[in-house]
């Protein structure tokens, strides 16, 4: 037994309306602001947020397989993710309007360690989760700025 399981939830602000902010949390949308994020699809994926879509990403020296479980376009997307021999679980992103015309984005990771090494990595991830989400907010703001209205660059 690895002995580590976490449910981590936090929120970030995105200065984009929900429909535009949602696209930033799709597999291809994350390429716009996550350094090193390059999803590979084993099957063609015209709609990368379609439930059942499978993709892989190599980040920080690890390969993780992701599966889109569920989505409500513009509002919610949920993924299963497995880093073999390390961690497995789900990630859910919920986007709602905020009072300023932007979006409040709630991000929940529910992860279980699959090995002692995975347990150590998961404990470190959990300890740094607030900073991890803050880095997301900073990266998105740096890329799109407070006046952006569309992540594809259209006004």
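The values are calculated or read from the model by the stated rules, or taken from the named source; none is laboratory data. Fair warning: this is a prediction, and the values are worked out from it, not measured in the lab. Heads up, the Cβs are rebuilt from the backbone with ideal geometry, glycines too, and the neighbour counts pull from every protein chain shown.
Residues checked against (1) buried (at least 16 other Cβ atoms within 10 Å of the Cβ); (2) under 22 Å from residue 15 (Cβ atoms):
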position	(1), (2)
46	no, no
50	no, no
55	yes, no
73	no, yes
86	yes, no
118	yes, no
142	no, yes
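Residue 27 passes every criterion in (1) assigned to a loop (DSSP other than H, G, I, E, B); (2) out of contact with any helix residue (DSSP H, G or I) (no Cβ under 8 Å at 6 or more places or on another chain); (3) surrounded by fewer than 18 Cβ atoms within 10 Å (Cβ to Cβ); (4) in contact (Cβ under 8 Å) with a residue 24 or more places away in the chain apart from (3).
For residue 100, are the conditions met, namely being assigned to a loop (DSSP other than H, G, I, E, B), within 14 Å of the chain's Cα centre (by Cα) and in contact (Cβ under 8 Å) with a residue 24 or more places away in the chain? Talk me through it step by step, then tell me what you get.
Values: assigned to a loop (DSSP other than H, G, I, E, B): yes; within 14 Å of the chain's Cα centre (by Cα): no; in contact (Cβ under 8 Å) with a residue 24 or more places away in the chain: yes.
Considered against the rule, which asks whether it is assigned to a loop (DSSP other than H, G, I, E, B), within 14 Å of the chain's Cα centre (by Cα) and in contact (Cβ under 8 Å) with a residue 24 or more places away in the chain, residue 100 comes out as no.
Looking only at region 36-54, residues that are without any contact (Cβ under 8 Å) to a residue 24 or more places away in the chain and part of a loop (DSSP other than H, G, I, E, B) come to 13 in all.
For region 104-117, check the following and say yes or no: at least one residue is assigned to a loop (DSSP other than H, G, I, E, B), modelled with pLDDT of 95 or more and touching a strand residue (DSSP E or B) at 6+ places or on another chain (Cβ under 9 Å). For region 104-117, residues assigned to a loop (DSSP other than H, G, I, E, B), modelled with pLDDT of 95 or more and touching a strand residue (DSSP E or B) at 6+ places or on another chain (Cβ under 9 Å): present.
Of the residues making up region 13-24, just one is assigned to a strand (DSSP E or B) and either free of Cβ contacts under 8 Å to residues at least 12 places away in the same chain or crowded, with 19+ Cβ neighbours inside 10 Å (or both), namely 14.
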